[in-house]
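All of the numbers you see were taken from the coordinates with simple rules; none came from a lab. Just so we're clear, the structure is a prediction, and the values are computed from it rather than from any experiment. Every residue, glycine among them, receives a Cβ derived from its backbone with ideal geometry; neighbour counts consider all protein chains shown.
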């Protein structure tokens, strides 16, 4: 069974409500207009009855039936009404236009008695081919003025003395004009209702689309998520509940996609780590295995045994350093270790680092220079990690600097922090290889031994430490012109 769309349900709901409201309003409007026009016609008929009664009462009181007959016919014709007169017994004396029975009008005896008691009756009579308003009022002795009662022309009311009543006057006025007007009013009401319905359809369609569109978009986004596509987002923006739902869904997607990216990055790092470790461990382990097998078979002369042991020792030292660096880099990348950052004097940190490396510089025949151009602001750093960065960069420069060369370490404030530079006079790094020097185990000079080049993790560790401090690091180098590493760290907040 195909599920019903929200848009269709909303539109049908709007249309159903609109139809009910329009039908109710139209019905009330037609009934009110019907009542209004009949009220107006009833008032007019009552006033006309009073004028005619004033003319008829004199002739009826004198018993001049001939004059009464002429007057009744004249009044009926001139006013386009049906008119008849009864005596105080209720017997019809004169009528003009039509006999009451032919009009389908049957006046009950209790109604006649009600009028002879000084009251009036007004009612609508309908039948096949006729629709008229009937009014019956008492006729009084000439000169007598009954009490008026205008509370309601329909209800009638006592106002005259029954002892003064000499007969009744009945008038029937066709309602053709009122019926025609009501037909026009009904048609206009239907046209207005139809126009309102079309307008409601347009408004309902717009509102339904406005509400359903973002919901359908969210449904499509959810379907994409189920297929593993975490790059989709809901584009709807509004301040209502639907807008907040879209924001919540986007927030949830961001959280899930972030977690998925972290998981994928973790798996990628794990695969890279396994691949890199197997590659880096293979050569020294193969060498160690070969030397040990030769020793076990007694194929290494006693005089050469110490030299081979020194080579094996260097390989084990290399493997130990490799393991430590791998663990260190893994902890940094997975953020298993929290930086212990505190305000520190950058110049003092630099001086301490270079002091620790002076002996290595002397052994290599390389001069170490420190240049601080102006007072440095305090840094918010983990001092142990800062030492690690500087020692890695300077040792890297020492490794590639020629004897008699100079390594310059410079620093100056700028951009809300401190710029640091480590420059050497080594062979430089080819342009095409510079983007890869930050990768694990990458070595620019593949021909050098492990002891000369290290394990290839130092720069990866350096960049990660700098980034965790909120800084950045770059390299500038030209073959034969040396290399300069530049990194920036933010200053400590002012107290």
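As a proxy for reagent exposure, 198, 38 were ordered by neighbouring Cβ count within 10 angstrom, fewest first; the result is 198, 38. Ranked for footprinting exposure by Cβ neighbours inside 10 Å, fewest first, 468, 309 give 309, 468.
Set the Förster radius R0 to 45 Å, insert the Cβ-Cβ distance between residue 235 and residue 356 as r into 1/(1 + (r/R0)^6), and round the FRET efficiency to 0.05. With R0 = 45 Å, the Cβ-Cβ based efficiency is 0.20. Full extension of the chain between residue 406 and residue 44 gives 118.1 nm of extra length, using 0.36 nm per residue less the Cα-Cα distance. Take every pair of alpha-carbon atoms less than 8 Å apart whose residues are at least six positions apart; their mean separation over the length of the stretch 284-428 yields a relative contact order of 20 percent. Distance between the modelled labels on residue 494 and residue 113, one decimal in nanometres: 11.0 nm (7 Å Cα→Cβ projection). Across the stretch 230-337, Cα pairs under 8 Å and at least six residues apart give a relative contact order of 17 percent. Grouping the Cα pair distances of the chain into 10 Å bins from zero gives a pair-distance distribution of 3, 12, 13, 10, 7, 6, 6, 5, 5, 4, 5, 7, 7, 5, 2, 1, 0, 0 percent in increasing distance order.
Based on Cα contacts under 8 Å between residues 6+ apart, the chain shows a relative contact order of 10 percent. Once the Cα atoms are used to define both axes, helix 458-468 deviates from the longest principal axis of the chain by about 40 degrees. Where only DSSP H runs of four or more residues are counted, the chain gives -19500 deg cm²/dmol as its mean residue ellipticity at 222 nm, each run worth -39500 (n - 2.57).
Taking 0.36 nm per residue of separation and subtracting the current Cα-Cα distance, fully stretching the chain between residue 78 and residue 207 would add 40.4 nm. Listing 483, 406 from fewest to most neighbouring C-beta atoms within 10 Å gives 406, 483. The angle between the Cα long axis of helix 6-62 and the longest principal axis of the Cα atoms of the chain comes to about 20 degrees, rounded to the nearest 10.
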